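The block underneath contains the structure these notes are about, expressed in C-alpha cells.
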Amino acid sequence: MDFTKNQKYFKANSKLFLLGIPVIIIGIVLAMLLGFQKMIIGVLIAVAGVIFMIACLTGGMKDDDIDGAVASKMNTIEADASEQFKFPRRYEVIHKAVILGGYDFTRESSVPVKRGADLKYRTEYYCGLLMNFTNDGLRILSRKFSILKDDCVEENLHFAWEEVVSSQLDEQEVTFKMVDGKDCTLKVDVYKINLKNGKTLEYCVRNTADVDEAIDIIYRQSVRVKQEELKAKASENA
C-alpha cells in the first residue's frame, strides 16, 4: 500500500482550489461572448477549472483509489483465515463465511475524515472481519488498519457457541473535524458480539445484508444452545 499517495487524498489545498473559480468564470464569459460556433473554447476552459478544483481537493487521488487501497488489504482475508483458523478433524460448516467491513469513525477525533465526491465519508482507519461458522463455534479474523501509515492489528478469535450470547448492530453518534476544518456529526453503525463473560466485541462496519445474516446465524445458534441446556436440565431432573 502506498501510504504517501493515500495521504494526498486527505490533504486539500484550499488556496489553489480558489484559483479555479476565476478560471470557471472566464470560461463561462467566453462561451457567452464567442458565439455558438466558438463557445466550445469557453466550455473547455470552464471544465478545466472544475477539474483543477477537484484535483486540489483530492491531491490527484480519487475516491475509488482509496477504496481500492482498502480492497487490496482486505482481499487476502479469506486466504489468511484459512491458514490461521485451527479446525478439529471432524467439523461441520453450518453457514458460509461472512465478511464485514467499514471505515472506522469510532477512533480519536484527530484522525483525518473527508467526504468524497460520491458523498461518502472516509477516514484513516478501516475495520474488516471474517466470521466463520461451524458446529464447534464461531471463529473471527479481524483486521483493523491504517491506510496512511504502517499500523495494522489482527485478532484471531475462537468461541464455543456456549460462550456467545447474541449480536446486534447499534447506531453510534460521533463528532469529528473534517480535513477542511469543519465540524461534523455522523451516525455510524457498530456491529457488536456479546459474550457470556460480559465482554463485547465491537466493529465499525457498513450496514449491509451480510450484517443481518451474521446476526441471524448467531441468534439461531444461541437458541439452539438454550434448548440443549433446557433438555439437559430436564434429563437431570427426570
Filter result (touching an Asp or Glu at 6+ places or on another chain (Cβ under 6 Å) and in a strand (DSSP E or B)) within the stretch 196-238 = Cys204
Qualifying positions in the stretch 155-166 - within 10 Å of Leu195 (Cβ to Cβ), open to solvent by less than 50 Å² (accessible area, probe 1.4 Å) and out of contact with any Ser or Thr (no Cβ under 9 Å at 6 or more places or on another chain) = Phe159
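Each row is one residue, and each column tells you yes or no for (1) open to solvent by 40 Å² or more (accessible area, probe 1.4 Å); (2) modelled with pLDDT under 90; (3) basic (Lys, Arg); (4) closer than 26 Å to Phe145 by Cβ.
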{"site": "Val179", "(1), (2), (3), (4)": "yes, yes, no, yes"}
{"site": "Leu195", "(1), (2), (3), (4)": "no, no, no, yes"}
{"site": "Tyr203", "(1), (2), (3), (4)": "no, no, no, yes"}
{"site": "Ile218", "(1), (2), (3), (4)": "no, no, no, yes"}
{"site": "Val223", "(1), (2), (3), (4)": "yes, no, no, no"}
Which residue pairs have Cβ atoms under 9 Å apart, sit 6 or more places apart or on different chains, and have a first residue in the stretch 177-201 that is over 22 Å from Pro112 (Cα atoms) and a second that is of a type in the set (A, V, I, L, M, F, W, C) and open to solvent by 40 Å² or more (accessible area, probe 1.4 Å)?
-> Tyr191/Leu169; Tyr191/Ile215; Lys192/Leu169; Ile193/Val165; Asn194/Val165; Leu195/Val165; Lys196/Val165
Does Val223 count as among the hydrophobic types (A, V, I, L, M, F, W, C) and over 18 Å from the mean Cα position of the chain (by Cα)?
-> yes
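The values are calculated or read from the model by the stated rules, or taken from the named source; none is laboratory data. All values derive from a computational prediction rather than experimental measurement. Cβ: placed from backbone, ideal geometry, glycine included. Neighbour counts: every protein chain shown. The area values use the complete protein model at the heavy-atom level, side chains included, leaving out ligands, DNA and RNA. Shrake-Rupley method; radii C 1.70, N 1.55, O 1.52, S 1.80 Å.
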